[in-house]
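Here is the structure we will look at.
The values are calculated or read from the model by the stated rules, or taken from the named source; none is laboratory data. What you see is a predicted model, and the numbers here were worked out from it, not measured in a lab. Cβ: placed from backbone, ideal geometry, glycine included. Neighbour counts: every protein chain shown.
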Amino acid sequence: MKDRSIKVCPSTLAEGNATYSKQALRNLFDGQKVSHLLDFVWEDDEDAKLLADNSRNLSISGAQEKLSAVVKDGALCLVDEGEQGTHILKPSPREHFQYRKQIPANEHLTMQIASQVYGVSTAANGLALSKDGQFVYVTRRFDVLPDGTKIRQEDFCSLVGRTEEIDGKDFKYEGSYEDIAICIRKYIPAWPVAMEQFFRLVVFNYIYGNGDAHLKNFSVLNNGKELVLAPAYDLINTHIHVDGADFALNEGLSPRLVTSESYDRTLHPCRADFFAFAQLIGINERRANRILDSFMEVPAIVDGLIARSFLFDDKTKRLYRRIVMERTMWFIRKDK
């Protein structure tokens, strides 16, 4: 067994913690004392069938394998057949992505930056360690209440009306972010608030290199009274692992957007393009600028979170920061 001792909270990234901090326990486990150590090895043949069966039982889409879990006796355990899971575990994928074993730490870091630095409402999350010392991403299901009651969740593939039968195998990548905005205005009563949350997330995904923010990675929840925008999930700096476009959706921000000279020249949007998009989707000038102002530089707190993150080495941490700095420079660029 590898050494699984740590000195940083594997959720909040606060220093001086050998396991989850008190704040992390409140957010992830309703204050229950839970270990960050798991009792299985993801890539061990002995556990492979159990994990594969568990993954098939979980009705959440996505290429990365996801396992349903519950807390029992202070530990995260895989659910038994028919049992309602409260948490999702995401080990590193088996596909041969670059730095694939760092994908859980990448997602965790990106989610923490979104929440701690930019005020994005995110699913509670952290990391756990398998028996062989491999990191596994942990997230709390926001569609399951503490008493096990399931809340209806619907992603924007469904709301926009994209299906594999009609739109082909890449259906979740078809369309633009304006399509999501139109649905927010149509289905969410408090749409002005939700629209600003959505806009902030679109800008964040661009700056932090999330090239996989497709239609299924945005959802709404029925809180019993009305539809609300679900917390952000699946945020990750994909450009560390794969080459890709700035936006997951094939029509970008909007096919109706009048793009800046900078965008036309470099093929990368700048602040002016996001401002135009904000106006297109109904966000007023003052509030749009307030959101955009927060992305004009990389705050020092981001460097601290990257340094304390569970990315394996300084090389990967430098790569993460370099991608963010490069995209920030694209963002602040002005037309000549």
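Being under 30 Å from R321 (Cβ atoms) and outside any loop (DSSP other than H, G, I, E, B) is the filter; apply it to the range 207-230 and report the residue that is nearest to the chain's Cα centre (by Cα).
Going through the range 207-230, the residues under 30 Å from R321 (Cβ atoms) turn out to be 207-219, 229-230.
From the residues that got through so far, the ones that are outside any loop (DSSP other than H, G, I, E, B) too are 207, 215-217, 219, 229.
Values: I207: 13, L215: 13, K216: 12, N217: 8, S219: 12, L229: 14 Å.
My answer is N217.
If I filter the range 247-259 down to residues being of a type in the set (S, T, N, Q) and surrounded by fewer than 20 Cβ atoms within 10 Å (Cβ to Cβ), which single residue comes out as farthest from R333 (Cα to Cα)?
The selected residue is N250.
Tally up the residues in the range 307-336 that are hydrophobic (A, V, I, L, M, F, W, C) and in contact with a Leu (Cβ under 7 Å, 6 or more places away or on another chain), please.
2
Just for the range 279-326: of the residues that are touching an Asp or Glu at 6+ places or on another chain (Cβ under 8 Å), part of a helix (DSSP H, G or I) and touching a residue at least 40 places away in the same chain (Cβ under 8 Å), which one is farthest from D179 (Cα to Cα)?
R308
Name the single residue, out of those in the range 138-163 being closer than 18 Å to A213 by Cα and in a strand (DSSP E or B), that is nearest to the chain's Cα centre (by Cα). Before you say what the answer is, go through the steps one by one.
Step one: list which residues in the range 138-163 are closer than 18 Å to A213 by Cα, which gives 139, 153-163.
Okay, now just the ones that are also in a strand (DSSP E or B), so 139, 153-155.
On the way: T139: 10, Q153: 16, E154: 17, D155: 14 Å.
Per the stated criteria, the residue is T139.
Would you call Q84 in contact (Cβ under 8 Å) with a residue 40 or more places away in the chain, under 20 Å from K150 (Cα atoms), surrounded by fewer than 21 Cβ atoms within 10 Å (Cβ to Cβ) and more than 18 Å from the chain's Cα centre (by Cα)? Quick ask: steps written out before the conclusion?
Details: in contact (Cβ under 8 Å) with a residue 40 or more places away in the chain: yes; under 20 Å from K150 (Cα atoms): yes; surrounded by fewer than 21 Cβ atoms within 10 Å (Cβ to Cβ): yes; more than 18 Å from the chain's Cα centre (by Cα): yes.
Here the answer is yes, as Q84 does meet what is asked.
Being under 17 Å from L78 (Cβ atoms) and out of contact with any Gly (no Cβ under 7 Å at 6 or more places or on another chain) is the filter; apply it to the range 9-41 and report the residue that is surrounded by the fewest Cβ atoms within 10 Å (Cβ to Cβ).
The qualifying residue surrounded by the fewest Cβ atoms within 10 Å (Cβ to Cβ) is D39.
State the number of residues belonging to the range 89-115 that are part of a helix (DSSP H, G or I) and either surrounded by 17 or more Cβ atoms within 10 Å (Cβ to Cβ) or of a type in the set (A, V, I, L, M) (or both).
14
Of all residues in the range 266-288, which are loosely packed, with under 14 Cβ neighbours inside 10 Å and either within 18 Å of N205 (Cβ to Cβ) or not β-branched (V, I, T) (or both)? Walk me through it before giving the result.
Our first condition is that a residue be loosely packed, with under 14 Cβ neighbours inside 10 Å; within the range 266-288, this holds for 266-267, 279, 284-286.
Within the range 266-288, L267, Q279, N284, E285, R286 meet the criteria.
Is there any pair linking a residue in the range 159-185 that is in the same structural domain as L280 (by TED's automatic domain parsing) to one that is assigned to a helix (DSSP H, G or I) and surrounded by fewer than 13 Cβ atoms within 10 Å (Cβ to Cβ), with Cβ under 9 Å and at least six apart or on different chains, and which?
L159/K186; D170/E164; F171/E164; F171/E165; K172/E164
Filter the range 76-117 down to residues that are closer than 15 Å to H239 by Cα, touching a helix residue (DSSP H, G or I) at 6+ places or on another chain (Cβ under 9 Å) and not hydroxyl-bearing (S, T, Y), then give me how many there are.
Qualifying residue count for the region: 7.
Hey, among F198, F247, F204, which residue is assigned by TED's automatic domain parsing to the domain that holds F275 and under 18 Å from N106 (Cα atoms)?
Numbers: F198 fails: under 18 Å from N106 (Cα atoms); F247 fails: under 18 Å from N106 (Cα atoms).
Checking each option against the conditions leaves just F204.
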